[in-house]
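Every number in this text was worked out from the coordinates using simple rules, so none of it is lab data. Because the structure is predicted, anything quoted here is derived from the model rather than measured. When we count neighbours, we look across all protein chains shown, and the Cβ atoms used for this are built from the backbone with ideal geometry, even at glycine.
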Amino acid sequence: MLEPSSSFVASATFVFGAVIGSFLNVCIYRLPLHESIAFPASHCRSCATPLAWYDNLPLVSYLFRRGRCRFCGTSFSSRYFVVELVTALLAVLLVHQFGLTITTFGYFVFNAALVVITFIDLDHQIIPDVISLPGIVVGVLFSLVSPVTVWDSLIGAVAGAGVLWAVFWGYYFLTHEEGMGGGDAKLLAMIGAFLGWQAIFFTLFCASFIGAVVGLIVMRIRHADGKMALPFGPFLAFGALSYLFFGERLIAWYLNLL
């Protein structure tokens, strides 16, 4: 566990997370467009001017430039700042909970994948196979050194995919409409591979509950009907992170209520 007095470790971890978050922004924008995440270098999407290194300082450059391009003045989405901040905070939470260990590194890779998937799904309502499918393999391999056993990881991957595929086909059989995409099943398989089968139902319950609440609020604001489509990936990611950081305590609290 990271001691509260370890301010240097926390600060260094925050900076590292923000730097990775800057790279995740590139992935979020370019992957759905099937563009290279390495070339060309970062540039303004409006005037195409390459950005200098000091234009790409995570969090700092956005605040200093007030979210605008230094050359043409075009506003950048606040999402760039949000992604960097969220990734930095997740890195600090992981080090606080698991210390400077290989477990922390593996879970950071998992968290980074969830961040990318969340924002791509919000924008395009797709979950890229290029992240979820390799993520399943990485999750199983990670179980060789993580608190999750290999068998729990394998069962989690199979159960994660199986549960949502069953929901998909059950809903389609009853309504002849697609209730969710296959990407959600692959994402839950990745979650099961990293966190084990024990996380599957907690993640689903949490995602469904939060998704229902958010859906009702959005429908009320937009005056939409019950068929309004919402991406489910962000809620699955939220449920998975809730289990990773607070799952045992929340389950214990619930059992005490019973």
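For region 85-156, the gyration tensor built on C-alpha atoms gives an oblate shape. Its axis ratio a/c (a ≥ b ≥ c) is at least 1.5, and a/b is not larger than b/c.
Per-residue Karplus couplings for region 153-167, computed as 6.51 cos²θ - 1.76 cosθ + 1.60 with θ equal to phi - 60°, are listed in order as 5, 4, 5, x, 5, 5, 5, x, 5, x, 4, 6, 5, 5, 4 Hz, Gly and Pro entered as x.
What is the sum of charges, Lys and Arg at +1 and Asp and Glu at -1, for the other residues whose Cβ falls under 9 Å from the Cβ of Ser75?
Values: positive: Arg66, Arg68; negative: none.
Local net charge: +2.
Could you derive backbone 3J(HN,Hα) for region 232-247 from the dihedral phi with the Karplus parameters 6.51, -1.76 and 1.60 (θ = phi - 60°), listing whole Hz in sequence and x where the residue is Gly or Pro? Once θ is set to phi - 60°, the couplings for region 232-247 become 8, x, x, 6, 5, 4, 4, x, 5, 5, 4, 5, 4, 8, 10, x Hz. Near the amide H of Phe76, within less than 5 Å, lie the amide hydrogens of Arg68, Cys69, all on another chain or at least 5 residues away, with H placed in the peptide plane. Over all distinct Cα-Cα pairs of region 62-103, the Kirkwood formula returns a hydrodynamic radius of 12.2 Å. Residues whose amide H comes within less than 5 Å of that of His43, counting only those at least five positions distant or on another chain, are Leu51 (H built at 1.01 Å from N in the peptide plane).
FRET efficiency for the pair Val137 and Leu216, taken as 1/(1 + (r/R0)^6) with r the Cβ-Cβ distance and R0 = 41 Å, rounds to 0.65. On the beta carbon distance between Glu248 and Val150, with R0 = 22 Å, the FRET formula returns roughly 0.60. Rounded to whole numbers, the Karplus 3J(HN,Hα) couplings from phi for region 28-39 are 4, 7, 8, 4, x, 8, 6, 9, 5, 8, 10, 10 Hz, using 6.51 cos²θ - 1.76 cosθ + 1.60 with θ = phi - 60°, and x at Gly and Pro.
Dimensions of region 1-100 along the principal axes, based on C-alpha atoms and rounded to the nearest Å, stand at 46, 30, 19, largest first. His43 sits among other residues whose Cβ lies under 13 Å from its own Cβ, and their net charge, with Lys and Arg +1 and Asp and Glu -1, is +1.
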